[in-house]
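What follows is a set of notes on a single structure, which appears directly below.
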Amino acid sequence: MNNFEKAWKQISQEMNTRDISPKTNYGRSTDSAMLISQIRKKLKLGMGWTLFFLLALFAVAVMHLGEPQILMVVGAGILLMWSSLLASRRYYLKIKNQPHVARDTKSMLIDYYNWVVKLLRMERIWTQFAIPCYLILGLLYGQLRTHGSFDQIVFDGRMLVITALLMVVVVPLVIVWVSWSQKYAYRKDLEDLEAAIEDLGNNHES
Amino acid sequence: MDQRIRDTFSAQISENAGIIHKVVAIYADTREDQEDLYQEILYQSWKSYASFRHDSKFSTWLYRVGLNTALVFRRKDARHSHSQLDETMTPHADDSYESCDDRHALIAAIRTLPKVERMIITLHLEGYTYKEIGEMTGISKDNAGIKIHRIKNKLSETLKKIAS
């Protein structure tokens, strides 16, 4: 071990003579280099799209101000979007406000792991719940525009078949795609985090 | 944060620049990754500076931030592996952190370790006690001791391979 320490001292002496680059910018993150930055970016992008669709739904609502039944359907869509936006925002701020790297390593890694897992789970559950809901709302909106009110809607066989097909084909496809893209994007990170937590977690290794 | 805090921070960082260089040296091996990790550690340090309570030395706090940042740092080229000895043994032409001899051999040997072990051995070589290492990493004092013993054995083996 003396050799390690001697070599390390030499390394330290050499490194201590190096200064901080004059181009140093304390306020600039490399952004893509940190897993947490990617999670925040993902959340931000998601919130951007949600906001866009929310505004679009508001525009649709304004177009149908005099039609209470259509407004009800559009309002349900707005409520769904709004709750998604609030949940994402809350999660985003929670992650953003943590001085995560200044804590002990194990807690930081566990938090990191939980954040990623929770975000992915939230996304998966939301997809499974929200897509069928939007599909039904879209269908009702289309029918209300054609027939004028709920009482006059007649669900013909062709439309029911199309709806059923969308439910059994499109919804599972989207769910599979979300799961696959999550796996592709985060599997390595999760494996690394799990391995690091396990490395720190075994207190009585032989 | 006002200018006074920024100046204090800059002065402390300059005094402890060697810590950042060492962390970068053992966690990043391409020029691009080194520059990114270096910048990211500075950024994370500045961002977390408000959490520095002055109850420990700045150098200890900076080690914690630097090593934690390096631990969750994502390399741009995910195909480039740190874990293979053959790759880390070859000094890169543009590698600013290495010179031949024992220092290079030690850094190369440390780079072959898993990320968590690199962190533990770095803290040990810096002279931190098992208790301090335990507090910084979140493991028990005994576990830190066991791990350090095992890592030293691994390093010896790797250095023997390098020497031969």
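A short reminder: the numbers here are calculations on the coordinates, not readings from a lab. The structure displayed is predicted, hence computed values, not measured ones. Ideal geometry is used to build each Cβ from the backbone, glycine not excepted, and the neighbour counts take in all protein chains shown.
For the protein assembly as shown, the dipole from Cβ point charges (+1 on Lys and Arg, -1 on Asp and Glu) about the Cα centre works out to 600 debye, to the nearest 20.
Based on DSSP H segments of at least four residues, each scored -39500 (n - 2.57), chain A has a per-residue ellipticity at 222 nm of -27000 deg cm²/dmol.
Over chain A, all Cα pairs binned in 5 Å intervals from 0 give whole-percent P(r) values of 1, 6, 10, 12, 12, 12, 11, 9, 7, 6, 5, 3, 2, 2, 1, 1, 1, 0, listed from short to long. When the Cα atoms of the stretch A:68-111 are aligned to their principal axes, the ranges along those axes come out at 55, 15, 6 Å in descending order. When its C-alpha radius of gyration is set against 2.2 N^0.38 Å (N residues), the protein assembly as shown gives a value of 1.28.
Projected over all directions and averaged, the alpha-carbon convex hull of the stretch B:23-64 occupies 2.9 nm². When the charge dipole of the protein assembly as shown is built from unit charges on Cβ atoms (+1 for Lys and Arg, -1 for Asp and Glu) and taken about the Cα centre, the candidate among B:Ile162, A:Leu86, B:Val65 whose Cα reaches farthest toward its positive end is A:Leu86. Label positions at A:Trp82 and A:Leu45, each projected 7 Å from the Cα along the C-beta direction, are separated by 2.8 nm. Applying both filters, DSSP loop and at most 10 other Cβ atoms within 10 Å, to the chymotrypsin sites (Phe, Trp or Tyr not before Pro) of the stretch A:142-187 gives A:Phe155.
Its Cα centre serving as origin, chain A has a Cβ charge dipole (Lys and Arg +1, Asp and Glu -1) of approximately 500 debye. With point charges of +1 on the Cβ of Lys and Arg and -1 on the Cβ of Asp and Glu, referenced to the Cα centre of the protein assembly as shown, which listed residue (A:Pro172, B:Ala28, B:Leu125) lies farthest in the positive direction of the dipole? The residue sitting most towards the positive pole is A:Pro172. Taking the Kirkwood radius as Rh and the Cα radius of gyration as Rg, the stretch A:139-206 has a ratio of Rg/Rh equal to 1.45. The mean sequence separation of alpha-carbon pairs under 8 Å and at least six residues apart, normalised by the residue count of chain A, gives a relative contact order of 23 percent.
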